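Following: one structure in C-alpha cells, then a few remarks.
The values are calculated or read from the model by the stated rules, or taken from the named source; none is laboratory data. Keep in mind it's a predicted model, so treat the numbers as computed, not measured. Here the Cβ is made from the backbone with ideal geometry for all residues, glycine too, and neighbour counts use every protein chain on show.
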Amino acid sequence: MDRMWTLVVLALLTACGSDRAVDVDPCPGGDLVSVDGDDYCVAEAVVIEKGFLCPEEFPNRFDYEDVVVCAGEEDVAEEKLEAVYTEYREDNPPANNGANNGVNNGCVDNDADGSCAPEDCDDDNALVGAGLPEVPANGIDDDCDGQVDEVGPVEPEPECRQDADCANGLACFDGECAARCSLDADCREDKVCRMEHCLDPPPRCESDADCPRGELCDDGTCALIDCRTDADCPQGDVCVDGTCTDR
C-alpha cells in the first residue's frame, strides 16, 4: 500500500513539473519597454557595437539618439520611437562619465576616455581625446586641439658641447665656454673659480638639487665640496673641510 501511494505522489509531481512554464528573457542584454500596448527591446548603442543583436522576437533594428530600438514591426513612426526612448530613459539615465558601457553624457564614447566625437578626434583610441596630455614626437594630436606634437618652451641651445666649440684658451663646462683657473684671481672680476673654471658666483640654495653638477649646498650657497659628513665619502675615507681624504 505504501509503495502504491509513493508511485501516485511521484506521478503527480511529474505532471506538475511538466506544466511549469520556463521564464525566457525576450530581450537579453537590453531592456523591455512597453508603449501603447506594444513591446520593444531597447539597448545602449555601444552594447550593440560590442556584439548584441536584436532578438528573434524583435528582429527589426532602429537607431535612435544613443540607443537601438528592436521592434517586431518593420515600420515604427518617429513619434513612437521618441516615446519608447523617453520611457526607456526614465529608468536608464545616460551615464555621466566614460566608465558606463562607453556612454558619456548621452553620447557614445567608444573608447571610454571621457570624451566623444567630435571633441574626441579619435574615439577608438583611449589615449587620444579632448583634455588629455599631448605626447611630444609621436606624430599624434593626443589632446585633439588641432596641433600635432606641440610642446612647451624649448630649451635654448648650449653655447658649447665640447672644448672645440670654444675660442682658444676657453673650455666647455656645462654648455658654457669658460676660462680655466686655479684661484678666483685667475678670473675676471664678475667671475669666481669653481670646478677649475671661471664661472658666475655660486647661486643661493636650499638643497643640493638647487646647485650645478658637482656642487653641494653648503650654508645656503652652492659650493665645490665633496662631502659634509663621512657618510658622503667612499668607504675608508673621511670628510675633512668638505673634502674626502684617506684616514
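Which ones in the stretch 211-228 are acidic (D, E) and surrounded by 15 or more Cβ atoms within 10 Å (Cβ to Cβ)? First the steps, then the outcome.
Applying the first criterion (acidic (D, E)) to the stretch 211-228 yields 215, 218-219, 226.
Those that are acidic (D, E) and surrounded by 15 or more Cβ atoms within 10 Å (Cβ to Cβ): E215, D218, D226.
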Residue set D120, D124, D143, D174; condition closer than 23 Å to D200 by Cβ and modelled with pLDDT of 80 or more; output residue D174
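Report whether or not E56 is at pLDDT below 90 and not polar (S, T, N, Q). Can you show your working first?
Details: at pLDDT below 90: yes; not polar (S, T, N, Q): yes.
For E56, the condition - at pLDDT below 90 and not polar (S, T, N, Q) - is met.
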Condition (residue is at pLDDT below 90, assigned to a loop (DSSP other than H, G, I, E, B), out of contact with any Phe, Trp or Tyr (no Cβ under 6 Å at 6 or more places or on another chain) and surrounded by 17 or more Cβ atoms within 10 Å (Cβ to Cβ)) applied to the stretch 19-29: is it met by at least one residue? yes
Taking D63 as meeting all but one of (1) of a type in the set (D, E, K, R); (2) in contact with a strand residue (DSSP E or B) (Cβ under 7 Å, 6 or more places away or on another chain); (3) exposed (fewer than 12 other Cβ atoms within 10 Å of the Cβ); (4) modelled with pLDDT under 90, write down the number of the exception. (2)
